[in-house]
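Below: the structure, in structure tokens.
The values are calculated or read from the model by the stated rules, or taken from the named source; none is laboratory data. Source: prediction; values computed, not measured. Here the Cβ positions follow ideal geometry from the backbone for every residue, glycine too, while neighbour counts run over all protein chains shown. These accessible areas exclude ligands, DNA and RNA; they are computed on the full protein's heavy atoms, side chains included. Shrake-Rupley method; radii C 1.70, N 1.55, O 1.52, S 1.80 Å.
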Amino acid sequence: FKGGDTCEYLLSSGRFLGEKVWQPHSCMMHKYKNSEAKNCLIDKHVVFIGDSRIRQLFYSFIKLINPQVKEEGIKHGNIPFEDKSASIKVDFLWYPEVNGSMRQRIKSWAEGSVAKPHIIVVGAATWSIKIHNGSNEALAQYKINITSIAPLLEKLAISSDVYWVLQDPVYEDMLSESRKMITNEKIDAYNEAAVRILNSSSRNSKAKVKVFSVSKLIAQETIMKSADGLHLPESSRDTNAMILMNVYCNKIMKPIDGSCCQPQPPLTLIQKIAFCFFTLSIFGYLIISLIHRNNYRKNKSCTDLESGEEKKPAISTPNVSTLEMLLHCFCKLGLIMTYFYLCDRANLFMKENKFYTHSSFFIPIVYILVLGVFYTENTKETKVLNREQTDEWKGWMQLVILIYHISGASTFLPVYMHIRVLVAAYLFQTGYGHFSYFWIKGDFGVYRVCQVLFRLNFLVVVLCIVMDRPYQFYYFVPLVTVWFMIIYATLAVWPQIVQKKANGNCLWHFGLLLKLICLLTCIYFLSYSQGAFEKIFSFWPLSKCFELNGNVYEWWFRWKLDRYVVFHGMLFAFIYLALQKHQMISEGKGDPLFSNRVSNVLLFISIVSFLTYSIWASSCKNKTECNELHPSVSVVQILAFILIRNIPGYVRSVYSSFFAWFGKISLELFICQYHIWLAADTKGILVLIPGYPMFNVLVSTFIFVCVAHEISQITNDLAQIVVPKDNSTLLKRLLCIAGFFSGLHFFSAMQDQPRH
């Protein structure tokens with residue numbers, strides 16, 4: 001740990017990921033859009049002072065504000081730029097040498113009554129080398145001139161951001177005859193003089209002139225592509241301009257994926273309360289453990305001297321053991337949440353940008369596929385979508401999604417479209433699983449609903465508190481929660497139609513189908529009526545759960561993207577259970593699902609359908625158009641996979657225990673990745689071991705999986721305590737939970753007032 005000054009790292013160090021993506025050391029760089037650049041620089045005055053290379057940087061900078069700007073200014077003269085809509089002024093001042101003229105200009109800002117610019121970018125040296133033919137006298141004069149300018153720059157740095165741009169290396173083989181005297185040896189001498197003088201003149205670290213040395217590193221990699229050996233290619237100067245924008249704007253705009261130059265966010269009131277709660281839980285658990293250990297020693301089994309029989313220790317009361325278990329869970333959870341906070345809110349660990357390559361995505365996919373096949377075992381039952389098979393399905397899908405996220409594969413449209421099918425398949429399982437339970441068991445009790453809601457939402461609620469994020473930020477959990485409630489409402493509303501009732505009268509099947517048609521109609525209406533959808537979820541308290549950045553558009557978009565697949569899952573469950581009831585399918589071990597002929601035909605159609613969807617998804621050219629079609633066609637590949645996986649008897653009788661293990665903790669893996677595997681809320685990658693990318697991924701993955709597994713255990717243990725089967729006790733717990741959320745809302749309103 002070298003300290004938290006990521007600004008210094010951004011200005012001085014980094015490396016290229018591929019050919020064009022610059023990765024600063026230890027932090028993430030945000031790619032600013034024109035609108036963001038304008039919002040950051042509103043009412044600001046920026047000045048670039050120097051030679052032709054500074055002019056290049058000036059043009060790249062103003063193109064971040066207005067991409068339509070053309071490089072048509074006077075080559076050896078001042079160039080003004082103004083964006084009147086945002087009151088932004090950016091000027092280039094032609095001072096190719098560090099001399100008296102430059103000093104006079106800087107002095108007018110430092111000591112005169114002229115308004116000071118908010119950002120000043122200065123740099124010059126190559127003209128001094130060229131005009132004086134690289135003489136040592138010119139270097140000596142350069143040192144004298146920069147020594148006289150340094151105090152003025154320091155004075156300006158108190159109220160303005162001042163950057164001294166070091167000279168980039170040149171490609172000597174490409175330089176024209178008139179520039180042959182500009183050598184890298186001379187440039188290094190000038191840079192060394194500038195750094196030494198500027199650093200020695202700094203007395204107050206807060207008012208320090210920032211040395212922009214990172215452009216040297218960028219130029220070393222790209223100067224070979226220069227047109228004349230002196231000026232950087234466009235992509236390199238654009239990178240320098242983006243670095244400059246990050247240095248100044250990140251602390252103002254606070255982009256999630258721009259961790260460079262961002263201070264650690266202050267603790268909110270709710271976070272402080274959570275910290276106190278977890279601290280008390282840890283101390284409480286330690287005290288109770290010590291008391292129990294002492295009692296155990298006192299009541300240790302001993303032999304009665306008269307009878308010779310062994311006495312058994314007294315059994316602890318259930319209340320004490322429940323309290324101990326509760327404190328034990330919160331103790332572990334508190335330590336885990338501390339790790340979450342340190343990883344993604346404190347400036348302790350490094351973060352890096354993602355960079356996609358085909359190999360970074362497909363090689364791990366092949367690797368886990370081989371591991372999954374290696375751990376093959378027989379299933380306990382051979383029904384379609386049995387428990388082991390659904391766990392396996394969730395497991396391999398979750399692993400593929402994790403690889404997709406860490407590799408940054410969302411930039412590759414064919415992969416994105418296939419991952420969308422995997423997310424849809426999760427929701428398909430939600431529809432299938434909950435419909436099957438309610439249809440077969442007929443259990444619409446409050447206990448079942450509370451158990452499901454608690455298991456789905458516990459971790460997310462804790463993270464919302466600890467990480468200071470809205471509920472909708474973890475979009476998948478709200479999605480499955482709402483769909484669970486929709487399935488419950490559809491089947492629980494009068495008339496309640498379950499399998500037992502339908503077996504007595506076939507007309508009930510039509511009644512259920514009518515319910516499903518009504519559900520489909522509502523889904524269709526809401527998907528094409530954004531206004532109606534937003535009105536429903538804009539009512540308090542729903543708005544507190546589903547708003548993101550002040551509106552529910554993101555929630556509507558997420559819901560709409562897979563709007564039909566839960567219905568498809570419910571319909572599939574109904575048809576499958578009806579076929580199973582009428583013994584129209586064979587689910588014996590090793591038996592094909594249907595007769596040989598029908599099985600072969602269905603298997604052939606499934607394989608063709610599966611491949612057809614993949615070909616269509618791979619040929620997608622426009623993400624928006626493909627997303628429009630996705631809700632209607634994703635079920636094709638899902639059903640094709642289910643039939644391919646279940647029609648052959650042997651395939652249905654085995655499963656991968658490796659994938660199934662991950663499937664049991666798939667929800668925790670999906671949520672935990674946000675902060676302790678990825679970083680900056682999934683926008684980057686957490687770096688625990690800098691300089692060794694593969695080793696870092698292995699270590700962070702091991703910790704991440706262990707934490708997800710532990711949280712799964714904690715959630716299961718707490719679910720038994722918080723959601724008891726006894727209705728009267730459950731009602732009391734629900735009142736306590738309602739009080740907890742009321743308090744949470746109260747404290748949230750209190751901490752929001754200073755923000756507004």
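Take the residues of the range 622-661 that are part of a loop (DSSP other than H, G, I, E, B) and open to solvent by less than 30 Å² (accessible area, probe 1.4 Å): which is nearest to T376 (Cα to Cα)?
S653
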- [ ] Might you check whether a residue that is without any contact (Cβ under 8 Å) to a residue 12 or more places away in the chain, of a type in the set (K, R) and part of a helix (DSSP H, G or I) occurs anywhere in the range 210-225?
- [x] yes
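Identify all residues within the range 110-131 that are under 20 Å from K180 (Cβ atoms) and either in contact (Cβ under 8 Å) with a residue 40 or more places away in the chain or crowded, with 23+ Cβ neighbours inside 10 Å (or both); write none if there are none. Please lay out each step first, then the result.
Pass one, the range 110-131, residues under 20 Å from K180 (Cβ atoms): 124-131.
The answer is A124, A125, T126, W127, S128, I129, K130.
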Open item on the list: Quick check on the range 132-153: of everything there that is open to solvent by less than 20 Å² (accessible area, probe 1.4 Å) and under 50 Å from the mean Cα position of the chain (by Cα), which residue is nearest to A194 (Cα to Cα)?
Closed with: I146
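Just one of F704, F747 is open to solvent by less than 50 Å² (accessible area, probe 1.4 Å) and in a helix (DSSP H, G or I); which is it? Give the steps one after another, and end with the answer.
Working: F747 fails: open to solvent by less than 50 Å² (accessible area, probe 1.4 Å).
None of the others qualify; the one that does is F704.
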Task: Flag if Y692 is aromatic (F, W, Y) and farther than 19 Å from D468 by Cβ - done: yes
Task: Matching entry among K89, K107, K75 (being of a type outside the set (A, V, I, L, M), assigned to a loop (DSSP other than H, G, I, E, B) and in the same structural domain as I131 (by the TED database)) - done: K75
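For V384, indicate whether it is assigned to a helix (DSSP H, G or I), at negative phi and not charged (D, E, K, R).
Working: assigned to a helix (DSSP H, G or I): no; at negative phi: yes; not charged (D, E, K, R): yes.
Taking the combined requirement at face value, the residue does not satisfy it.
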Task: Boolean, I497 is outside any helix (DSSP H, G or I), in the same structural domain as T338 (by the TED database) and open to solvent by less than 20 Å² (accessible area, probe 1.4 Å) - done: yes
Open item on the list: Looking at the range 554-564, can you tell me whether even one residue there is more than 28 Å from L516 (Cβ to Cβ) and outside any helix (DSSP H, G or I)?
Closed with: no
- [ ] Restricting attention to strands (runs of 3 or more DSSP E) lying wholly within the range 1-59, give those where 2 or more residues are closer than 27 Å to Y356 by Cα.
- [x] 14-17, 21-24
TODO: Please indicate, with yes or no, whether at least one residue in the range 678-694 is in the same structural domain as W559 (by the TED database), in a helix (DSSP H, G or I), buried (at least 20 other Cβ atoms within 10 Å of the Cβ) and in contact (Cβ under 8 Å) with a residue 24 or more places away in the chain.
DONE: no
TODO: For the range 247-262, state whether one or more residues are at pLDDT 95 or above, under 30 Å from I182 (Cβ atoms) and open to solvent by less than 20 Å² (accessible area, probe 1.4 Å).
DONE: yes
Task: Single unsatisfied condition, F510 versus (1) without any contact (Cβ under 8 Å) to a residue 40 or more places away in the chain; (2) buried (at least 18 other Cβ atoms within 10 Å of the Cβ) - done: (2)
Task: Selected residue [assigned to a helix (DSSP H, G or I) and within 23 Å of I536 (Cβ to Cβ)] from V415, V449, V421, V462 - done: V449
